[in-house]
Structure formats: structure tokens, C-alpha cells
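To keep things clear, I will list the structure first and then write my remarks on it.
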């Protein structure tokens, strides 16, 4: 049975006090209302991690994640955050390769491969992001493009390592635009990703990997998206900044 995961990516939002308030609201509501088989993850700005960790530590439903991690263990990398640092504050997940990191910080598939490997070595669960632009989709190249992202960043992992990775498919054209991929479009890509993983790691590994949808999932479309056979959860942006909207998505199962 694949894990059902609803992860909130706060991006660069919320002051510390606002973030602590939001985290408290999410934990309190989730503990009472989210089904036991659904895992909720809060991926907060780095400066929030240590204090949000104290809020989620006793929750059986809510876990903590970082939004990025360095490919270096330590050293003279001003402004970067190491996997050991992330682990030390109680986080168990880390987003790697979000489209905004790829676009604004020019992160490459090779860098992301190193980050995934290091995160796994340090006991973190990578949420590896992949997805295409509108231009790529309209050219009919979206399947090949995403498969190449998977190949260049993940296919050097062992089957055991790959089984510990979570995938997030994020159609870039549907992030923050108000446009959402149809449930059929989401299922097509999630199935394609799983097929690609099966070709390299075997069907058993691929069938066990959670693949999240990361393109403007909201309370009013979550149920239809999550009903698709290869959609195992969501990586939620804007809707994760409102506790009731975020929990409503988690309850859509």
C-alpha cells in the first residue's frame, strides 16, 4: 500500500510568528480530523524549522520537511543548509528540485542527483520534483522531458534507495497560475512516471513509490485528482498557507 502524503510547501511566506501560528492550527486540526492513513508534511522556510519541529514532534499525523538542501555535507557555502542541519532540527522530509529552484537558481539534474543521494544517506526522505513547462507540453515533449529528469537525477540510485524517495509531479504551467491539470492529464503523467521507474527499478519498487501532484491542488479539485489510481497525494503551495484549506485537501481521501 503506497503512502498517502499531503505536503505543504510554504515557499517564502509567513514570518516566524505567523508560521508558528499556522503550524499549531494545522497540527491541532489534523490530529482530530485527518484520516490515520494520511501523512501530512509541513515544508517550512529554513528559519522556521527548529521551532515548528517542537510543535509537530508529538503529532502522529504531521511531520516536518525542509524546502531545499545542499549537495555538500558542510563547508564554505554561505547561505546553504546541509542535510545534517535539516536532520538535526527534527525534519524528516526535504523538497529537492522544485521548479522554482530550477528556474531561479539554475539547479541542474546533476546537482539534484547529488542532493537526493546525500539526503538519503542522512536518513531524510527526498520529495523529488519533476515537471514540464507549457511550451514543452504544447510541443508534445512532456513525457520525454520528465522521463529525462528522472533518468538524470534518480536512475543511479539502487532499488532500495529509490524505494525511499517520494516523487512530486508539478506541471510548471499549473503552479500559481490558477490553472490545474485535468485529472486525466495528471493521471497520464503519474502513470508515465511510474512506468519509467518500473523500467529501471522493477515493478515492485515502482508500485510502492508515492507520486504526488503539485499543480494548484485546492479543496475543490483535490478529491477528483486524488481519486486517480496513480495520484498518491499532493505537494500543496498556496492552499497550504490556510490551515482549513490545507486540511480540507488532506480530508479529501
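We did not get these values from a lab; they are worked out from the coordinates using the rules stated. Just so it is clear, the structure is predicted and the values come from calculations on it, not from any experiment. Note that each Cβ is placed from the backbone with ideal geometry, even for glycine, and that neighbours are counted across all protein chains shown.
Output the residue which, of all residues in segment 199-217 that are assigned to a strand (DSSP E or B) and in contact with a helix residue (DSSP H, G or I) (Cβ under 6 Å, 6 or more places away or on another chain), is surrounded by the fewest Cβ atoms within 10 Å (Cβ to Cβ). Before the answer, list the steps.
Within segment 199-217, the first condition is being assigned to a strand (DSSP E or B), and the residues that meet it are 211-213.
If we keep only those that are in contact with a helix residue (DSSP H, G or I) (Cβ under 6 Å, 6 or more places away or on another chain) as well, we get 211, 213.
Details: 211: 24, 213: 32.
Only one residue tops the list, namely 211.
Restricting attention to segment 1-10, and to residues there that are farther than 13 Å from residue 39 by Cα and under 12 Å from the mean Cα position of the chain (by Cα), which single residue is surrounded by the most Cβ atoms within 10 Å (Cβ to Cβ)? Even if it seems obvious, please write down each step before you answer.
Just the residues of segment 1-10 that are farther than 13 Å from residue 39 by Cα, to begin with: 1, 9-10.
Next cut, under 12 Å from the mean Cα position of the chain (by Cα) only: 9-10.
Details: 9: 26, 10: 22.
The qualifying residue surrounded by the most Cβ atoms within 10 Å (Cβ to Cβ) is 9.
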* Kindly indicate whether any position in segment 17-24 is under 18 Å from the mean Cα position of the chain (by Cα), surrounded by 23 or more Cβ atoms within 10 Å (Cβ to Cβ), touching a residue at least 24 places away in the same chain (Cβ under 8 Å) and over 27 Å from residue 208 (Cβ atoms). => yes
query: Any residue in segment 148-162 that is surrounded by fewer than 18 Cβ atoms within 10 Å (Cβ to Cβ), touching a helix residue (DSSP H, G or I) at 6+ places or on another chain (Cβ under 6 Å) and more than 23 Å from residue 1 (Cβ to Cβ)?
result: yes
Requiring at least 1 residues that are over 17 Å from residue 119 (Cα atoms), the helices (runs of 4 or more DSSP H) wholly within segment 5-101 are 16-33, 49-56
The one condition residue 127 fails out of (1) surrounded by 18 or more Cβ atoms within 10 Å (Cβ to Cβ); (2) touching a helix residue (DSSP H, G or I) at 6+ places or on another chain (Cβ under 9 Å); (3) touching a residue at least 12 places away in the same chain (Cβ under 8 Å) is (2)
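Of the residues that make up segment 236-249, is at least one within 27 Å of residue 156 (Cβ to Cβ), crowded, with 17+ Cβ neighbours inside 10 Å and touching a strand residue (DSSP E or B) at 6+ places or on another chain (Cβ under 6 Å)?
First, the residues of segment 236-249 that are within 27 Å of residue 156 (Cβ to Cβ): none.
Among the residues of segment 236-249, not one is within 27 Å of residue 156 (Cβ to Cβ), crowded, with 17+ Cβ neighbours inside 10 Å and touching a strand residue (DSSP E or B) at 6+ places or on another chain (Cβ under 6 Å), which makes the answer no.
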A careful count of residues in segment 163-198 that are in contact with a strand residue (DSSP E or B) (Cβ under 7 Å, 6 or more places away or on another chain) and either assigned to a helix (DSSP H, G or I) or surrounded by fewer than 18 Cβ atoms within 10 Å (Cβ to Cβ) (or both) gives 6
